[in-house]
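Novice: I'd like to ask you about the structure that follows.
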Amino acid sequence: MEKCKVEKDFSDNGKYYVLKKKAVPEVLLKVVEAKRLLESEKAISIQEATDQVGLSRSSFYKYKDDIFPFHDNARGKTITFVLQMDDEPGLLSVVLGIIAKYNANILTIHQTIPINGVASLTLSIEILPNAKNVSELIEEIETKKGIHYLKILARE
């Protein structure tokens, strides 16, 4: 069985796709490999990691936030993401309701003081064994009125 990758759509609609490895462009596979090297070898620099996989640093920075390895055993994992949202009463409650609807558990939550009517929110959620589709959870949050931006920061 070939490994799969999750790749974020390059347009602004923020959809996610699951692709077989053979369908993923080589540059994106090299980004994933460089990220793996950086995680496994703590003393390695980005330049060293990109050199080892034959990738330019500019390509690494261009795509590093848009491709992650897909793990079938994502249940029981932690995902941390940041989003920018309008400072509107009830919007945070809507986001938290979506997370609850997908049977994920909120571990940490931090909201900044709004500037010009926009606040940043950082959330860490645990994907429980009975959780529903994580990609759909992220997509549903992204499509809510008042949400400007959502980016996955980390997966453990």
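The values are calculated or read from the model by the stated rules, or taken from the named source; none is laboratory data. Keep in mind the model is a prediction, meaning the values are calculated, not measured. Reconstructed Cβ throughout: ideal geometry from the backbone, glycine too, with neighbour counts over all protein chains shown. Areas reflect the complete protein model, heavy atoms only, side chains present, ligands, DNA and RNA absent. Shrake-Rupley method; radii C 1.70, N 1.55, O 1.52, S 1.80 Å.
Novice: Looking at the structure I just gave you, is ILE67 open to solvent by less than 50 Å² (accessible area, probe 1.4 Å) and either touching a His at 6+ places or on another chain (Cβ under 6 Å) or closer than 27 Å to SER45 by Cβ (or both)?
Specialist: In short, yes.
Novice: Among the residues of the range 108-156 satisfying the criterion of being of a type in the set (Lys, Arg) and under 14 Å from the mean Cα position of the chain (by Cα), which is surrounded by the fewest Cβ atoms within 10 Å (Cβ to Cβ)?
Specialist: So the residue we want is LYS151.
Novice: As an exercise: evaluate SER56 against (1) within 24 Å of GLU126 (Cα to Cα); (2) modelled with pLDDT of 85 or more; (3) touching a helix residue (DSSP H, G or I) at 6+ places or on another chain (Cβ under 7 Å) and give the number of the one condition it does not meet.
Specialist: (1)
Novice: Another question, if that's okay. Of the residues in the range 108-156, how many are more than 14 Å from VAL95 (Cα to Cα), β-branched (Val, Ile, Thr) and part of a strand (DSSP E or B)?
Specialist: 4
Each row is one residue, and each column tells you yes or no for (1) modelled with pLDDT of 90 or more; (2) among the hydroxyl-bearing types (Ser, Thr, Tyr).
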{"residue": "GLU33", "(1), (2)": "no, no"}
{"residue": "GLU41", "(1), (2)": "no, no"}
{"residue": "ASP65", "(1), (2)": "no, no"}
{"residue": "ASN73", "(1), (2)": "no, no"}
{"residue": "THR78", "(1), (2)": "no, yes"}
{"residue": "VAL82", "(1), (2)": "yes, no"}
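Novice: Return the residues of the range 74-107 that are in a helix (DSSP H, G or I), surrounded by 12 or more Cβ atoms within 10 Å (Cβ to Cβ) and over 20 Å from the mean Cα position of the chain (by Cα); say none if nothing qualifies.
Specialist: The answer is LEU91, and nothing else.
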